[in-house]
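Engineer: One structure, pasted below without further comment.
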Amino acid sequence: MAAVDTLTHREQGPAILAAGWSRPLLRFLAVFQSNWLIRILTLAVILTGWEVFGRRTSTVTFASVTRTWDALWEMTVSGDLWKAWRSDLAIMFTALAISAVAGIVLGFVMGRYRSIDNTVEPVFVGVFMTPKIALLPIIALWLGFQFNAKVLIVILFSFFEVFFTVRDGIKVTNAEYVDVARSYSIPEGMMLTKIIAPATAPYIITGLRLGLLHGMVGVVLAGFFLEANGIGGLIANQTNEYRMHTTFAGMLTVMAVGVAINLGLRLLERWVTPWSTVEAT
């Protein structure tokens, strides 16, 4: 019996030793599965590949990370980036404020009242499906090439994202909650404030996030095709002069602003609607 016990312990020894050696590996794998670590490693790989490719490519068509960073620093110190973004920020916030108010109000109305939605929807869908770039010549003819025209372009890019998201959210809410509320004879005003508004809050914030991100596209394109100023004009002018390091630096600021907007609205969504699991793409 003792021999059997001894043999058993001998057989278990290598397994215990192997388990001891595997614990650090398991800890490493657990840490590696962290989202932040994966993102950092992915970013490091991308930046390394970018730097290597940039050093082996002509500066006329590409720029390395180090040259792009130097250009970004120089434009920040000289104030060129602020000059480019100053007019665009005014355009963006004006257009997005209009898009947010109009998109939420019309989304509520058309999502709540089916007869109005059936009447107006074909017009909205037709404008939404029209490529926005095709409307640029008409907008330039009507409003010129400056502030008002750029605001309208950004509205066209951002309004429909807010409107359709809010409207569809209202329809989902109607199907899930309103019929039950009507069975208890809840007044329309209380239904709107106590049921529909809280239930559609995640859709409203998601619509605002999508509208802001698509509005960024409108801001850049307006600088390309209308008055060549702002961040879009800076990118276009630097590309025409084959200064790819400054072009990439301008593009990085657009990316940074978009990421900051997206992150800020996601945090707002978690704060306003912590119960929600709605995730928009």
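What follows is calculated from the coordinates using simple rules that are stated; it is not laboratory data. Since we're looking at a predicted model, the values are computed, not measured. Cβ: placed from backbone, ideal geometry, glycine included. Neighbour counts: every protein chain shown.
Engineer: By count of other Cβ within 10 Å, fewest leading, how are S158, S87 ordered?
Structural biologist: The fewest-first ordering by Cβ neighbours comes to S87, S158.
Engineer: Here's a follow-up. Using the Karplus equation 6.51 cos²θ - 1.76 cosθ + 1.60 (θ = phi - 60°), what ³J(HN,Hα) coupling, rounded to whole Hz, does each residue of the stretch 199-211 give in order, writing x for Gly and Pro?
Structural biologist: Each residue's phi maps through the Karplus curve to give 5, 9, 4, x, 5, 5, 5, 5, x, 5, 4, 5, x Hz.
Engineer: For I46 and V180, what is the calculated FRET efficiency with R₀ set at 51 Å and r taken between the beta-carbons, to the nearest 0.05?
Structural biologist: 0.55
Engineer: Across every pair of different alpha-carbon atoms, what Kirkwood hydrodynamic radius in Å does the stretch 65-272 reach?
Structural biologist: Working: mean 1/r = 0.0532 Å⁻¹.
This gives a value of 18.8 Å.
Engineer: Taking the alpha-carbon distance from K194 and a cut-off under 28 Å, which lysines remain once sequence neighbours fewer than 8 residues away in the same chain are dropped?
Structural biologist: In chain and number order, the partners are K171.
Engineer: Ordered by residue, what ³J(HN,Hα) values in Hz, to whole numbers, does the stretch 108-122 give under the Karplus form 6.51 cos²θ - 1.76 cosθ + 1.60, where θ = phi - 60° and Gly and Pro are x?
Structural biologist: For the stretch 108-122, the Karplus curve yields 5, 5, 6, x, 7, 10, 5, 5, 5, 4, 5, 6, 9, 4, x Hz.
Engineer: Let me ask you something else. With a sphere of radius 10 Å drawn around the Cβ of L234, what net charge do the other residues whose Cβ falls strictly inside it have (Lys, Arg +1; Asp, Glu -1)?
Structural biologist: -1
Engineer: What spacing in nm lies between the two simple spin-label points modelled at A197 and V172, each 7 Å away from Cα in the Cβ direction?
Structural biologist: 2.1
Engineer: For A63, list long-range residues whose amide hydrogen, built 1.01 Å from N in the peptide plane, is under 5 Å from its own amide hydrogen.
Structural biologist: It is none; the list stays empty.
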